[in-house]
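Presented below is the structure to which this report refers.
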């Protein structure tokens with residue numbers, strides 16, 4: 001019986017803000033698997049204030065508006081505008097697009 005090699009978990013934390021464009025549970029699992037980071041799901045940016053002591057490395061969102069000033073200095077990425085800008089964005093991200101976005105996020109964290 002072979003032992004599965006466990007990948008070392010990265011210390012980075014990603015905050016994923018809910019959107020109608022993707023299934024946040026499936027997307028967060030994809031992000032965790034590809035980036036080896038801890039991913040926390042939130043319904044809004046305001047809700048993340050309760051968990052700001054986790055010190056996120058990245059905030060992923062798909063909402064209009066800007067990141068509030070209390071998150072200055074933390075990378076904030078608008079998924080549709082910044083990561084999927086060279087293709088037509090479907091109303092709902094499919095699994096392949098989620099995987100491609102997760103790989104792009106991994107590059108951002110390096």
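Where a number appears in this text, it was derived from the coordinates with a stated rule and is not lab data. Everything numeric in this text was worked out from a predicted model, so none of it was measured. Quick reminder, even Gly has a Cβ in these numbers, built from the backbone with ideal geometry, and neighbours come from all protein chains shown.
Rank the residues 82, 64 as a footprinting-exposure proxy: fewest other Cβ atoms within 10 Å of their Cβ go first.
Details: 82 13, 64 7.
Fewest-to-most Cβ neighbours within 10 Å comes out as 64, 82.
Please order 97, 74 by the number of other Cβ within 10 Å, starting at the fewest. Numbers along the way, then the final one.
Details: 97 20, 74 14.
Ordered by Cβ neighbours within 10 Å, fewest first: 74, 97.
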